[in-house]
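Asks: Okay, handing you the structure first.
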Amino acid sequence: MLNAILKGSIVQRWLVVMGAIIVTILGSYNLTRMPLDVFPDFAPPQVEIQTEAPGLAPEEVESLITLPIESAVNGTPGVETVRSSSAVGISVVRVIFNWGTDVYQARQLITERLQQARSKLPASIESPQISPITSPIGTVLMYAFSVEHEPSQSGEAPTSLMEVRRFVDRDVTNRLLAVPGISQVIAYGGDVRQYQVLVDPAKLTAFNVSLQDVTQAAKQANVNVSGGFLITPDQEEIIRGVGRIESIEQLAQSVVTARKGKTVLLRDVASVQVGAALQRGDGSVNGKRAVVVMINKQPLADTPTVTRAVEQAMEEIKAGLPKDVRVLETFRQNSFIESAIENVRDSLRDGIIIVSIVLLLFLMNWRTAVITLSAIPLSILIGMLILSWFGQGINTMTLGGLAVAIGSVVDDSIVDMENAYRGLRKNQISDHPKHPFQIVYDTSVEVRVSVIFSTVIIAVVFAPIFSLTGVEGRIFAPMGIAYLISILASTLVAMTLSPALCAILLAHRRLPSDETWVTAFSQRLYRPLLSAAIHRPRVILFAAITALIAALVILPGLGRVFLPEFQERSLVNAMLLYPGSSLEATNQSGLVMQDALKNDPRFKTVQLRAGRAPGDADAGGVNLGHLDVELSDAGIQDRKGSIEKLRQEFNRLPGVVANIGGFI
């Protein structure tokens with residue numbers, strides 16, 4: 001069968017070349033359609049339940065909310081693990097299902113269980129909410145909305161952060177959620193607008209009004225009610241009582257009760273005003289208070305496509321902002337993906353250049369370089385086609401596999417081409433030359449077994465990667481798959497396209513009879529080493545065994561990490577203050593860091609997310625903050641020095657424990 005493939009490739013050489021061109025076009029088109037992400041989908045299906053319980057202590061949240069919800073979801077079909085965390089005013093329960101479970105079915109099952117558990121929860125808390133489905137590393141973009149406090153020429157007052165937060169909640173969030181692929185928009189900081197009724201106890205006593213009366217009046221002051229229908233023989237009209245307030249003055253004039261024939265209004269017993277809600281989280285950027293917006297994408301959504309759509313939506317949003325509101329992009333996940341793709345592209349370019357130089361030096365023939373180099377892009381494109389058929393996308397692990405494979409995919413083609421080149425050259429000076437196509441066929445058959453065996457050996461070496469299970473297997477298996485598929489594709493190319501190109505470009509060409517000077521010089525250097533190895537095999541074996549033993553001795557002392565450190569610009573640094581520290585203390589620590597770093601050219605932006613925001617999966621308290629640092633070009637060139645600078649500044653903060661790391 002293999003002989004028939006070789007023979008058919010030589011006989012139908014132009015058909016093989018046309019097929020390679022078609023595959024290249026299809027592969028290039030497929031490459032533009034494959035989804036891009038940082039990591040493969042390594043997290044098992046899971047459902048997150050968040051329950052807001054304002055005012056409750058962690059112990060009360062655990063006993064009254066978390067435990068009943070855990071008891072309700074335990075036993076759900078497919079559940080593997082249930083994890084929870086309880087903090088001040090918030091309960092987060094994460095239900096992890098077995099691999100292969102349909103996440104939408106899992107969410108439906110959890111919803112049914114939550115309905116059963118609702119009666120066991122306190123009436124004063126909010127209803128448990130199931131968080132949207134997001135990718136494990138789902139944050140694609142972050143924006144900071146800040147106000148430039150500069151004197152206005154028109155004399156207008158600067159926009160308040162309350163108005164900025166209102167604009168974000170009303171317009172920005174709704175517009176971004178309409179972008180295909182976006183699952184969640186989380187806002188930190190700013191002042192959430194409230195109509196506040198501040199009761200005066202002395203006035204309550206004077207008017208003989210209870211706090212319950214005031215509370216009830218405030219609730220009923222903002223309600224529309226139905227009054228049925230007014231039906232006449234010819235028409236009917238809807239009757240409704242319109243009680244929704246449209247201004248703070250209307251709320252202040254709401255009736256609480258009547259005393260001695262005189263109505264008691266809200267303004268008589270309380271101060272009614274527009275104020276800011278109690279903050280459990282805040283945000284700032286480059287030393288200024290800001291509203292920080294985190295944008296999370298759905299699983300399997302193409303990160304570059306979603307990023308471009310969000311950036312286009314943000315350009316539309318910016319047109320409607322007040323003139324003194326500035327929008328700063330503080331994080332962009334797609335930049336890391338673009339950098340990874342650029343690195344693979346550079347590796348591909350460097351590999352082609354190195355192979356071309358080596359072939360030209362040793363063979364002095366440009367045709368051999370064309371034959372060999374055609375294997376690199378074609379093998380990788382075939383590998384990408386196969387990955388796409390199996391539902392795989394492009395991520396840093398598959399790109400890593402391709403980067404490693406670039407140096408190997410060309411080997412089989414070089415072996416086949418060089419043997420054919422040598423055979424054709426000998427045939428030209430032979431007294432009884434054969435047909436050149438027969439020489440191409442014979443030389444390809446000579447190395448066929450070696451080529452296949454080398455591929456099998458590589459596959460066996462990589463086989464342990466596929467024995468990994470859980471998260472490790474999900475992360476590293478795509479790298480091994482991408483590498484092995486590219487290697488197998490290169491073997492196919494070496495058995496089809498390479499013989500066909502040899503028959504087209506070399507068979508009927510006059511080849512030099514002598515070795516090139518580089519080849520002759522290399523042989524003169526190698527012959528003494530080869531002779532010494534043959535005549536002193538014990539010395540060579542002893543040196544090899546000694547090196548092996550030394551490597552085994554050194555191996556346990558080497559450091560171990562789950563993943564190599566990525567050279568990423570985005571740093572997410574957790575800072576934890578003493579328990580009981582206030583949100584203001586966390587803010588001050590973050591502002592001190594921002595003031596220390598904002599004038600350093602190595603740091604592009606420094607952003608603080610203090611406490612937590614509604615919908616945030618992190619159930620930390622107000623003493624927890626995240627300092628998001630984006631490195632500049634100068635900072636990424638001296639990344640180690642930039643991180644050391646961060647450590648030095650964190651060490652100057654008393655009572656702050658910092659953890660410095662990249663976003664990934």
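The values are calculated or read from the model by the stated rules, or taken from the named source; none is laboratory data. The structure displayed is predicted, hence computed values, not measured ones. Virtual Cβ from ideal backbone geometry, glycine too; neighbours counted across all protein chains shown. Keep in mind that these areas ignore ligands, DNA and RNA; they rest on the heavy atoms of the full protein, side chains included. Shrake-Rupley method; radii C 1.70, N 1.55, O 1.52, S 1.80 Å.
Asks: Any residue at all in the stretch 630-645 that's open to solvent by less than 40 Å² (accessible area, probe 1.4 Å), in contact with a strand residue (DSSP E or B) (Cβ under 8 Å, 6 or more places away or on another chain) and more than 13 Å from Leu571 (Cα to Cα)?
Replies: No; the residues of the stretch 630-645 include none that is open to solvent by less than 40 Å² (accessible area, probe 1.4 Å), in contact with a strand residue (DSSP E or B) (Cβ under 8 Å, 6 or more places away or on another chain) and more than 13 Å from Leu571 (Cα to Cα).
Asks: Would you check if there is a residue in the stretch 196-219 being part of a loop (DSSP other than H, G, I, E, B), of a type in the set (Val, Ile, Thr) and surrounded by fewer than 10 Cβ atoms within 10 Å (Cβ to Cβ)?
Replies: no
Asks: How about the stretch 47-80: which of its residues are open to solvent by 20 Å² or more (accessible area, probe 1.4 Å), within 26 Å of Arg280 (Cα to Cα) and of a type outside the set (A, V, I, L, M)?
Replies: Glu48, Glu52, Pro54, Gly55, Pro58, Glu59, Glu60, Glu62, Ser63, Pro68, Glu70
Asks: Also, quick follow-up: Identify, by number, the condition in (1) more than 30 Å from Phe145 (Cα to Cα); (2) open to solvent by 80 Å² or more (accessible area, probe 1.4 Å); (3) out of contact with any strand residue (DSSP E or B) (no Cβ under 9 Å at 6 or more places or on another chain) that Glu236 doesn't meet.
Replies: Condition (3) is where Glu236 drops out.
Asks: While we're here: Anything in the stretch 394-434 that is among the polar types (S, T, N, Q) and over 27 Å from Met34 (Cα atoms)? List them, or say none.
Replies: Ser413, Asn419, Asn427, Gln428, Ser430
Asks: In a strand (DSSP E or B), farther than 30 Å from Val199 by Cβ and among the hydrophobic types (A, V, I, L, M, F, W, C): is that true of Ile337 in this structure?
Replies: So Ile337 does not fit the description; no.
Asks: Continuing with this model, one more query. Of (1) open to solvent by 80 Å² or more (accessible area, probe 1.4 Å); (2) touching a strand residue (DSSP E or B) at 6+ places or on another chain (Cβ under 8 Å); (3) over 30 Å from Asn587 (Cβ atoms); (4) not acidic (Asp, Glu), Arg193 satisfies all except one. Which?
Replies: Condition not satisfied by Arg193: (3).
Asks: Kindly indicate whether any position in the stretch 502-511 is in a helix (DSSP H, G or I) and either without any contact (Cβ under 8 Å) to a residue 12 or more places away in the chain or closer than 30 Å to Tyr188 by Cα (or both).
Replies: As a first pass, look at the stretch 502-511 and keep what is in a helix (DSSP H, G or I): 502-505.
Next cut, either without any contact (Cβ under 8 Å) to a residue 12 or more places away in the chain or closer than 30 Å to Tyr188 by Cα (or both) only: none.
Checking the stretch 502-511: not a single residue is in a helix (DSSP H, G or I) and either without any contact (Cβ under 8 Å) to a residue 12 or more places away in the chain or closer than 30 Å to Tyr188 by Cα (or both).
Asks: Looking at the structure I just gave you, is Glu126 farther than 18 Å from Val293 by Cα, free of Cβ contacts under 8 Å to residues at least 12 places away in the same chain, acidic (Asp, Glu) and not in a strand (DSSP E or B)? Let's see the steps before the verdict.
Replies: Numbers: farther than 18 Å from Val293 by Cα: yes; free of Cβ contacts under 8 Å to residues at least 12 places away in the same chain: no; acidic (Asp, Glu): yes; not in a strand (DSSP E or B): yes.
Criteria not met by Glu126.
Asks: Please indicate, with yes or no, whether at least one residue in the stretch 382-393 is of a type in the set (Ser, Thr, Tyr), open to solvent by 20 Å² or more (accessible area, probe 1.4 Å) and assigned to a helix (DSSP H, G or I).
Replies: For the stretch 382-393, residues of a type in the set (Ser, Thr, Tyr), open to solvent by 20 Å² or more (accessible area, probe 1.4 Å) and assigned to a helix (DSSP H, G or I): present.
Asks: Related question: Only one of these is loosely packed, with under 10 Cβ neighbours inside 10 Å and under 30 Å from Ile429 (Cβ atoms): Pro556, Pro499, Pro528, Pro512. Name it.
Replies: None of the other options fit; the residue is Pro528.
Asks: For the stretch 141-163, name all the residues that are at pLDDT 90 or above and either assigned to a loop (DSSP other than H, G, I, E, B) or under 24 Å from the mean Cα position of the chain (by Cα) (or both).
Replies: If the condition is that a residue be at pLDDT 90 or above and either assigned to a loop (DSSP other than H, G, I, E, B) or under 24 Å from the mean Cα position of the chain (by Cα) (or both), then Leu141, Met142, Tyr143, Ala144, Phe145 are the ones that fit.
Asks: Between Ser28, Ser91, Ser71, Ser86, which is hydroxyl-bearing (Ser, Thr, Tyr), in contact with a helix residue (DSSP H, G or I) (Cβ under 8 Å, 6 or more places away or on another chain), over 29 Å from Gly621 (Cβ atoms) and in contact (Cβ under 8 Å) with a residue 24 or more places away in the chain?
Replies: Unique residue meeting the criteria: Ser28.
Asks: Another question about this same structure. Out of (1) more than 21 Å from Ile137 (Cβ to Cβ); (2) in contact with a strand residue (DSSP E or B) (Cβ under 6 Å, 6 or more places away or on another chain); (3) among the small types (Gly, Ala, Ser); (4) open to solvent by less than 30 Å² (accessible area, probe 1.4 Å), what's the single condition that is false for Ala658?
Replies: (4)
Asks: Residues in the stretch 587-606: is at least one at pLDDT 90 or above, closer than 30 Å to Ile130 by Cβ and not charged (D, E, K, R)?
Replies: There is no residue in the stretch 587-606 that is at pLDDT 90 or above, closer than 30 Å to Ile130 by Cβ and not charged (D, E, K, R).
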